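I'd like to ask you about the structure that follows.
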Amino acid sequence: MISQHPLAGGVAVITGAASGFGLEASRLAASLGMRIVMADVQADALERAAAEIRGLGAEVLPFRLDIAKADEVEAMAAATLARFGAPNFVFNNAGVGAGGLIWEHSAKDWEWVIGVNVMGVAHGVRCFVPAMLAAAQADPAWRGHVVNTASMAGLLNAPNMGVYNVSKHAVVALSETLYQDLSLVTEQVHAHVLCPFFVPTGISQSHRNRPPGMQAEAAQVTRSQRVAQAMSDKAVGSGKVSAADVAAKVFDAMAQRQFYVYSHPKALATVQTRLEDIVLIRNPSDPFAGKPELREQLRQALRN
């Protein structure tokens, strides 16, 4: 029953709320009678999404921001606390994708992807967790959850995805540390990490949100970056698990206090192989061992 979910009637803060997992999580939060702060970098998409969620009966505070910028996240946190109080659910979900051979990423590529994917999560944690801990201390019945969106790329290292892999590994490490740190100081605030595989969202079109200073650079993409974009478009677009399915898994994980959240549990076999490589001091295994034709396609695309 919706009314039995521990978040029912609480407060949610959701970044990347205008599309994908963020929008689906906003819809579920509305069904739970939550008050929702919806944040996104795209003002027009955010306006449409906020209108939809209001139409579901939820009280919504839309907040246009770039989560890579500390002062903007701090302003959102201040607005949230003033309007709704401490959030029971913080979904540090906004993220961007970028591919290509790792030495071909420009300094601006690194700054953009790490800024959004890593620092955006870090800002969400540092700006909201103290208020959540204060709320927990003031009320023994209060409960809170922080969910950080990483990726299966945070548990693996597929080729031609360098900067993205690095950023998502950082989110997994941040989230695991947050889980351990919270366990030292409270039983009322819990951490979770979402590691989706290929799910149809807007992540493969992240270049639409490149900062203004990167627009000229976007026109000078390398061969490997074009190949990565094409492969990402195909993989993400053909995903059978929907963003709504993943959002439901997130809410189930919070209810069950489950830390790791996966969209495709079967993909964990490749994670097992990577862990065995590490423990056995074995060179990294071929990520295309099960589909050698994909390896040859990628090699040919990069070499010809």
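The values are calculated or read from the model by the stated rules, or taken from the named source; none is laboratory data. The structure presented is a predicted model; accordingly, all values stated were derived computationally and were not measured. Don't worry about glycine lacking a Cβ; one is built from the backbone with ideal geometry, like all the others, and counts go over all protein chains shown.
Take the stretch 1-31 and flag every residue that is without any contact (Cβ under 8 Å) to a residue 40 or more places away in the chain and either of a type in the set (Lys, Arg) or not in a helix (DSSP H, G or I) (or both).
If the condition is that a residue be without any contact (Cβ under 8 Å) to a residue 40 or more places away in the chain and either of a type in the set (Lys, Arg) or not in a helix (DSSP H, G or I) (or both), then Met1, Ala8, Gly9, Ala18 are the ones that fit.
Against the definition (closer than 19 Å to Ser224 by Cα and surrounded by fewer than 20 Cβ atoms within 10 Å (Cβ to Cβ)), how does Asn165 come out, yes or no?
no
Separate question: Is it the case that some residue within the stretch 67-74 is at pLDDT 95 or above, assigned to a loop (DSSP other than H, G, I, E, B) and more than 21 Å from Lys168 (Cβ to Cβ)?
No; the residues of the stretch 67-74 include none that is at pLDDT 95 or above, assigned to a loop (DSSP other than H, G, I, E, B) and more than 21 Å from Lys168 (Cβ to Cβ).
Do any residues in the stretch 99-115 that are over 21 Å from Ile67 (Cβ atoms) and β-branched (Val, Ile, Thr) have Cβ atoms under 9 Å from those of residues that are modelled with pLDDT under 95 and assigned to a helix (DSSP H, G or I), where the two are at least six apart or on different chains, and which pairs are they?
Ile102/Gly162
Count, please, the residues in the stretch 43-63 that happen to be out of contact with any strand residue (DSSP E or B) (no Cβ under 9 Å at 6 or more places or on another chain), in a helix (DSSP H, G or I) and either modelled with pLDDT under 95 or farther than 15 Å from Ala94 by Cα (or both).
Result for the stretch 43-63: 4.
Among the residues of the stretch 213-268, count how many are touching a His at 6+ places or on another chain (Cβ under 9 Å), modelled with pLDDT of 95 or more and among the polar types (S, T, N, Q).
1
Here is a further query. If you take the residues of the stretch 162-199 that are hydrophobic (A, V, I, L, M, F, W, C) and within 19 Å of Leu275 (Cβ to Cβ), which of them is modelled with the lowest pLDDT?
Phe197
Let me ask another. Just to be sure before I move on: is Ala82 outside any strand (DSSP E or B), at pLDDT 95 or above and out of contact with any Phe, Trp or Tyr (no Cβ under 7 Å at 6 or more places or on another chain) in the structure I sent?
yes
Right, something else. Got a number for residues in the stretch 97-141 being under 26 Å from Ala30 (Cβ atoms) and in a loop (DSSP other than H, G, I, E, B)?
2
Related question: Hey, among the residues in the stretch 271-304 that are touching a helix residue (DSSP H, G or I) at 6+ places or on another chain (Cβ under 8 Å) and at pLDDT 95 or above, which one's surrounded by the fewest Cβ atoms within 10 Å (Cβ to Cβ)?
Ranking the candidates gives Asn283 first.
Report yes if Asn117 is under 15 Å from Asn93 (Cα atoms) and buried (at least 17 other Cβ atoms within 10 Å of the Cβ), otherwise no.
Here the answer is yes, as Asn117 does meet what is asked.
From the set of residues in the stretch 140-192 that are within 22 Å of His5 (Cα to Cα) and of a type in the set (A, V, I, L, M, F, W, C), which is nearest to the chain's Cα centre (by Cα)?
Restricting to residues being within 22 Å of His5 (Cα to Cα) and of a type in the set (A, V, I, L, M, F, W, C), the top hit is Val147.
Of the numbered conditions (1) closer than 22 Å to Leu194 by Cα; (2) modelled with pLDDT of 95 or more, Ala98 satisfies every one except a single condition; which is it?
Unmet for Ala98, out of (1) closer than 22 Å to Leu194 by Cα; (2) modelled with pLDDT of 95 or more: (2).
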